[in-house]
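Every number in this text was worked out from the coordinates using simple rules, so none of it is lab data. Please read all numbers here as calculations on a predicted model, not as lab measurements. So basically every Cβ, Gly included, is an ideal-geometry build from the backbone, and we count neighbours across all protein chains shown.
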Ligand code: SF4
């Protein structure tokens with residue numbers, strides 16, 4: 001089954017900028033951005049990021065405020081700050097053998113970087129990959145990682161899999177099945193996450209008096225290290 005998948009990938013795999021490099025830093029940047037942001041939105045932001053900070057050492061000496069500003073619009077801003085912390089740690093100590101020691105790097109991101117940058121025998125298993133493994137009843141190996149990602153994103157979709165064009169259809173016991181809609185992602189509009197994002201955007205534009213801002217959002221952002229409250233608790237700034 002893996003052979004069928006790899007043949008399909010050779011012909012139909014997506015040409016993504018982070019697939020043209022083995023640089024672990026560039027791949028880490030792409031994986032952190034992709035954690036919660038769609039591929040199409042990540043592509044231009046990834047290219048801009050690498051133009052501004054082309055290496056671990058370049059990012060390590062950036063200010064947290066610049067990093068937070070550059071991350072604006074990607075969402076889940078803690079990721080940017082963690083990426084910056086990770087760069088500082090790598091610049092100081094080198095790449096750790098266990099990549100999950102880096103801030104913001106969980107088992108999935110660690111396996112992706114280990115595989116794509118360092119060539120390790122690690123299969124990053126996200127929701128797409130586990131869905132394909134479940135449906136096909138097959139355990140794929142590390143070399144199939146990128147092919148699985150593309151199959152999960154374009155063919156073996158969560159609700160209405162496109163079995164008619166699937167390279168695995170001849171061997172897949174779930175061929176032709178339909179699935180219940182998945183739980184919808186919680187709404188961003190009106191959420192606390194939106195209030196945090198709006199507050200951070202205002203502070204990223206310029207420092208502001210606390211009295212002009214959403215106090216609860218400021219507290220939560222400060223806890224994550226995304227803003228600082230100076231001047232005896234009256235002025236909110238980027239770190
Ligand atoms: S045949 Fe259908 S269910 Fe099976 S892997 Fe392909 S798209 Fe998914």
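How much length is gained on full extension from residue 130 to residue 63, taking 0.36 nm per residue of separation minus their Cα-Cα distance? Walk me through the intermediate numbers first.
Details: separation 67, 0.36 × 67 = 24.12 nm, distance 3.80 nm.
Full extension of this stretch gives 20.3 nm more.
Output the Kirkwood hydrodynamic radius of the range 80-158, Cα pairs only, in Å rounded to one decimal.
13.6 Å
Determine the gain in length on full extension of the stretch residue 19-residue 180; use 0.36 nm per residue of separation and subtract their C-alpha separation, reporting nm with one decimal.
Going from the current span to full extension adds 54.7 nm.
Compute the long axis of helix 2-12 from its Cα atoms, compare it with the longest principal axis of the Cα atoms of the chain, and write down the angle in degrees, 0 to 90, nearest 10.
60 degrees
Taking the simple approach of a point 7 Å from Cα along Cα-to-Cβ for both residue 40 and residue 210, what is their distance in nm?
4.2 nm
So for the range 28-159, averaging the separation of alpha carbon pairs under 8 Å that are six or more residues apart and normalising by length, what relative contact order in percent results?
In percent, rounded to a whole number, it is 18.
Beyond 17 Å, what share of the Cα-Cα pairs of the range 23-116 remains, rounded to the nearest whole percent?
42 percent
Students often get this wrong: which residues of the range 48-79 have the backbone nitrogen under 13 Å from the point 7 angstrom along Cα-to-C-beta of residue 92?
60-61
Working out 0.36 nm times the residue gap between residue 141 and residue 219, then minus their Cα-Cα distance, what length gain in nm do you get to one decimal? It would help to have the intermediate numbers written out before the result.
Numbers: separation 78, 0.36 × 78 = 28.08 nm, distance 4.43 nm.
In short, 23.7 nm is gained.
Would you give the gap between the C-alpha center of the range 102-129 and the C-alpha center of the range 58-99, rounded to a whole Å?
18 Å
If I model the range 2-70 as equal point scatterers sitting on the Cα atoms and use the Debye formula, what is log10 I(q)/I(0) at q = 0.22 Å⁻¹?
Debye curve over Cα of the range 2-70, log10 I(q)/I(0) at q = 0.22 Å⁻¹: -1.00.
Take the Cα coordinates of the chain, assign each an equal point scatterer, and use the Debye formula without solvent to give log10 I(q)/I(0) at q = 0.15 Å⁻¹.
With one equal scatterer per Cα and no solvent, log10 I(q)/I(0) is -1.07.
So for the pair residue 171, residue 51, with labels modelled 7 Å out along Cα→Cβ, what separation do we get in nm?
Taking the simple label geometry, residue 171 and residue 51 are separated by 4.3 nm.
What is the angle, in °, between the Cα long axis of helix 107-116 and the longest principal axis of the Cα atoms in the chain? Nearest 10 is fine, range 0 to 90.
For 107-116 against the chain, the angle is about 70 degrees.
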